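Written below as structure tokens is the structure these notes are about.
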Amino acid sequence: MKTVHPVTGQLEPDPLDPSQIVSGNPETSDLILAESEDGTEVAGLWRCTPGVSTDTEVEESFLVITGKATIEFEDGSSIEVGPGDTHRFNGGEKTTWTVEETLLKAFWLQSQAVPASERPLGA
């Protein structure tokens with residue numbers, strides 16, 4: 001499924017650190033839609049093209065809009081996510097994302113008064 005809503009054209013490139021890329025050439029982009037005045041809550045969109053990458057998660061809830069991915073956790077467990085699936089990270093989880101079809105998700109981040117510009121997004 002291709003996402004054709006005009007807002008997706010506003011996503012800005014947000015390159016992964018090369019050390020996070022395990023295989024393929026995953027490219028990420030995001031768009032901040034809302035941020036609390038103190039910077040402790042952020043909502044937005046995040047997109048990732050196919051490939052495999054690692055991340056250390058922040059406190060986040062998300063809803064997959066389009067695409068398909070498997071998220072593997074450090075303990076060996078994994079979840080598959082696709083359109084309509086939701087998940088919540090508590091923060092600190094070490095994950096490996098295998099994106100099979102370009103993933104677009106809506107996310108909500110919470111933090112301890114760290115401005116959005118200083119936090120990693122979407123992953």
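Just checking, does the range 41-59 include any residue being among the aliphatic types (A, V, I, L, M), out of contact with any strand residue (DSSP E or B) (no Cβ under 9 Å at 6 or more places or on another chain) and modelled with pLDDT under 95? For the range 41-59, residues among the aliphatic types (A, V, I, L, M), out of contact with any strand residue (DSSP E or B) (no Cβ under 9 Å at 6 or more places or on another chain) and modelled with pLDDT under 95: absent. Restricted to the range 21-106, the set of strands (runs of 3 or more DSSP E) holding at least 1 residues that are in contact with a Pro (Cβ under 7 Å, 6 or more places away or on another chain) comprises 21-24, 28-35, 41-48, 51-56, 60-73. For the range 81-97, a residue qualifies if it is under 20 Å from Thr49 (Cα atoms) and loosely packed, with under 12 Cβ neighbours inside 10 Å, and the qualifying residues are Gly84, Thr86.
The values are calculated or read from the model by the stated rules, or taken from the named source; none is laboratory data. In this text, all values refer to a predicted model and were calculated from it rather than measured experimentally. As a convention, Cβ positions derive from the backbone with ideal geometry for all residues, glycine included, and neighbour counts pool all protein chains shown.
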